[in-house]
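Step one of this worksheet: look at the structure below.
Every number here is computed from the coordinates shown, using simple stated rules; none is lab data. All values derive from a computational prediction rather than experimental measurement. FYI the Cβ positions are ideal-geometry reconstructions off the backbone, even for glycines, and counts take in every protein chain you see.
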Amino acid sequence: MTEKTLIELDHVTKRYTRGRDTIEIFDELTMGIEEGAFLAIMGPSGSGKTTLLNILGGIDSPTSGSVTVGGQRIDNMSEGALSKWRAANVGFIFQFYNLMPMLTAAQNVELPLLLTDLGRSRRAEHVKTALNVVGIADRAKHKPSELSGGQQQRVAIARAIVSDPKLMLADEPTGDLDRTTAVEILEMLQLLNKEFGKTIIMVTHDPEAARFASRTLHLDKGHFVQEAAE
Amino acid sequence: MNNLKLIWKNAARKKLRLFLTVFSIFTAFLIYGVLGGFQSSLDEGIDIASGANRLVTVHKVSFIQPLPYSYVNKVRSMDGVADVTYAVWFGGYYQNPQQILAVFAVDPESYLRLYSELVIPEDARKTFFSDRRALLVGKKMADRFGWEKGQQVPIQSNIWTNQEGSQTWEFTVAGIFEANDPKIDTSYLLFPYEYLNEGRQFGQDSVGWLVVGTESPDINTQVADAIDLEFANASTQTKTDTEKAFNQAFIEQFGDIGLIVASVTGAAFFTILLIAGNTMMLAIRERTSEIAVLKTLGFGNGKIFTQVILESVLVTLLGAVPAMALAGLFLKGASAAMAGILPAMFINTGMLVKSAGIMLLLALVTGIIPAWKAMNINVVTALGRR
């Protein structure tokens with residue numbers, strides 16, 4: 001079976017200017033990521049892992065080159081179009097969960113659905129399903145401050161999958177969790193990848209976490225230096 | 001949850017801060033509602049109560065100085081004058097000096113001809129014309145004191161002593177009058193001039209002021225000038241103005257109410273602008289990373305901008321709407337307590353529209369910079385994702 005490419009980076013260059021200095025993150029980076037992959041990206045701090053994730057998620061743009069996701073070029077989209085694209089196609093998972101403290105777990109999960117045309121009851125159904133998938137339905141009415149780190153990350157994952165995006169981007173999703181909880185979260189990501197077909201790109205420092213991915217790329221100074229496969 | 005609830009959740013996340021901000025806005029709008037309502041009621045009362053073709057002639061030195069009765073007929077004979085009536089301030093109070101009443105001794109027939117907006121039952125009118133002790137009671141006063149037709153009412157005067165050496169004057173309620181426009185003040189009493197003139201110990205054959213009806217509002221200025229010119233060389237000189245200008249000047253003797261109201265409410269709103277604006281800025285700054293997350297989830301710039309503006313509108317409305325309602329209730333209560341001293345006070349439609357405009361403007365001004373900043377938050381920087 002031929003695997004379909006979901007993401008294509010073509011000669012992507014990214015530079016930042018800080019004061020008088022220009023910092024080059026990538027230079028002519030070209031790569032492809034297949035649909036349904038669970039890719040771990042590892043590398044030292046400052047290697048460009050998060051920047052790559054930002055570019056793939058359309059919250060940062062390359063200095064040059066093209067980024068195509070699901071057949072759509074996103075590097076030249078307007079900010080408004082990118083917002084809509086993100087809402088429909090990408091689920092984000094952050095290291096520190098980034099839940100809204102004043103909302104309950106269910107309300108946090110519902111946030112992306114406020115951007116859709118779904119009615120209240122349909123939204124409630126989707127939220128319930130997402131919370132069930134991550135096994136935290138019994139905490140639906142709890143606020144983040146009433147949840148443990150692992151539970152908060154589960155809520156964040158539910159928020160990422162509630163609008164059923166093809167692509168999930170996880171930035172150090174277990175960086176703030178103990179080992180046992182981290183394993184639970186990683187197993188859940190694995191489940192989402194294998195059972196629900198989500199393409200997951202995970203940035204991590206942790207080789208143990210990377211083992212849960214089907215493929216690992218090592219990024220250093222803007223280049224992939226070595227590839228490890230499970 | 002919906003977008004409105006999300007906005008409310010954001011606004012209410014720090015309850016004490018929300019309460020203090022809302023309370024500040026409430027205070028400013030309460031001040032505005034009470035003072036503005038007072039002023040607009042005065043203005044509207046003056047507009048409604050002032051006949052377009054009515055002039056008022058008073059003593060040139062001060063309107064509390066009397067005019068000779070002889071001026072009535074002299075003015076009546078002048079060109080452009082359709083009718084003349086006159087009145088005297090009785091300085092009345094009921095039962096105790098704190099219960100001040102607006103009581104006027106008037107010439108019954110000419111007064112009711114010129115103030116044709118007053119609606120009086122025919123039998124009350126007849127009694128008023130024939131009985132010197134007849135008292136025509138404005139509806140508001142009748143409601144206030146529960147007076148009825150035929151009732152004997154003793155009213156004290158702090159100016160006029162009668163022939164018996166008493167300042168208490170006996171009246172019989174001839175009837176209750178209303179006005180053809182409910183906004184016209186009816187919190188005053190009228191009785192025949194003859195009763196006062198014959199009964200008082202001093203000041204006979206003098207009147208407080210003349211009310212002159214002109215043949216057309218277009219000739220008001222000419223007639224007013226002609227009246228003052230007529231008495232320019234007399235021992236008692238006059239000052240004639242339109243009734244509206246007279247009423248306005250009467251009110252302004254207490255101070256430039258418009259300027260006072262504008263200054264006080266302006267200062268209150270300026271302070272609120274700083275407080276609410278600063279609070280909104282602070283609130284948005286604290287939520288920088290959350291806004292960045294919302295943007296990451298797909299909330300576009302327009303949506304973020306609208307949410308912050310609506311949050312500002314919501315906070316403003318939470319303070320301003322109850323304040324205006326309370327101001328309305330306060331004015332209503334104050335009107336009842338001060339009937340006879342001040343005209344009916346209320347928050348009129350114009351004032352409501354104006355206050356709605358101020359609410360919107362305040363919300364926009366305090367919300368627009370935070371909204372702009374929120375809209376322009378850079379996700380990568382805000383989340384420290386570099």
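The calculated 222 nm mean residue ellipticity attributable to helices in chain B amounts to -18000 deg cm²/dmol, summing -39500 (n - 2.57) over DSSP H runs of n ≥ 4 and dividing by all residues.
Straight-distance candidates among the lysines for linking to A:Lys221, with alpha-carbon spacing under 16 Å and chain neighbours fewer than 8 residues away dropped: A:Lys14, A:Lys49.
Could you go through segment B:201-211 in sequence order and give the Karplus-derived ³J(HN,Hα) for each residue, using 6.51 cos²θ - 1.76 cosθ + 1.60 with θ = phi - 60°, rounded to whole Hz, and x for Gly and Pro? Whole-Hz 3J(HN,Hα) from phi for segment B:201-211: 7, 8, x, 4, 6, 10, 10, x, 7, 9, 10.
Rounded to the nearest whole Hz, the Karplus-based 3J(HN,Hα) values (6.51 cos²θ - 1.76 cosθ + 1.60, θ = phi - 60°) of segment A:191-198 follow the sequence 4, 4, 5, 7, 7, 10, x, 6, with x at glycine and proline. Averaged over the residues of peptide A:107-116, the number of Cβ atoms from other protein chains lying within 10 Å of each residue's Cβ is 4.
Extension gain, B:Thr221 to B:Asp47, is 60.8 nm, computed as 0.36 nm per intervening residue step minus the present C-alpha separation. Under 16 Å of direct C-alpha separation, and excluding same-chain neighbours fewer than eight residues apart, B:Lys74 reaches these lysines: B:Lys239.
Dipole magnitude for chain B: about 3260 debye, using +1 per Lys or Arg Cβ and -1 per Asp or Glu Cβ, origin at the Cα centre.
Give me A:Leu6, B:Leu362 ranked fewest to most by other Cβ atoms within 10 Å of their Cβ, as a rough exposure proxy.
A:Leu6, B:Leu362
Taken about its Cα centre, the protein assembly as shown carries a charge dipole of about 1840 debye when Lys and Arg each add +1 at the Cβ and Asp and Glu each add -1 at the Cβ. Across chain A, the relative contact order, built from alpha-carbon pairs under 8 Å that are at least six residues apart, equals 28 percent. For B:Val212, neighbours were defined as the other residues whose beta-carbon sits under 10 Å from its Cβ, and their charges (Lys and Arg +1, Asp and Glu -1) total 0.
Gyration tensor analysis over the Cα atoms of segment B:66-235 returns equivalent ellipsoid semi-axes of 28, 20, 13 Å (largest first, whole Å). Connecting C-alpha atoms closer than 10 Å in a GNM of chain B, tell me which of B:Met345, B:Met281, B:Met141 has the biggest fluctuation. Looking only at B:Met345, B:Met281, B:Met141, the biggest GNM fluctuation is shown by B:Met281.
Note on B:Val61 and A:Arg73: the model spin-label points, each 7 Å out from Cα along the C-beta direction, lie 9.4 nm apart.
All other residues whose Cβ lies under 13 angstrom from that of B:Thr21 are scored, Lys and Arg at +1 and Asp and Glu at -1, for a net of +3.
Per residue of A:57-66, other chain Cβ atoms within 10 Å of the residue Cβ number 2 on average. If you run the Gaussian network model on chain B, springs between alpha carbon atoms under 10 Å, then out of B:Gly80, B:Gly138, B:Gly357 the most flexible one is B:Gly357. Once the chain from A:Gln190 to A:Glu208 is taken as fully extended at 0.36 nm per residue, the excess over their C-alpha distance is 5.1 nm. Backbone phi angles across segment B:176-182, fed through the Karplus curve with coefficients 6.51, -1.76 and 1.60 (θ = phi - 60°), yield HN-Hα couplings of 10, 10, 10, 10, 6, 10, x Hz in residue order; Gly and Pro are listed as x. Look at the dipole of the protein assembly as shown built from charges on Cβ: of B:Val72, B:Ile275, B:Leu114, the Cα furthest out on the positive end belongs to B:Ile275.
Too long at a 30 Å Cα-Cα cut-off: which of A:Lys143/B:Lys354; A:Lys128/B:Lys373; A:Lys141/B:Lys14; A:Lys4/A:Lys141; A:Lys4/B:Lys5; B:Lys60/B:Lys140? In this structure, A:Lys143/B:Lys354; A:Lys128/B:Lys373; A:Lys4/A:Lys141; A:Lys4/B:Lys5; B:Lys60/B:Lys140 lie more than 30 Å apart at Cα. Divide the volume of the convex hull of the Cα atoms of the protein assembly as shown by its number of residues and quote the answer in cubic angstrom per residue. Here the figure is 221 Å³ per residue.
Taken over chain B, the alpha-carbon convex hull comes to 173 cubic angstrom per residue.
Annotation for A:Arg18 and A:Ser148: the two label points, set 7 Å from Cα along the Cα-Cβ direction, are 3.7 nm apart.
Label separation (B:Asn73 vs B:Asn278): 7.3 nm, computed from points 7 Å beyond Cα along the C-beta direction.
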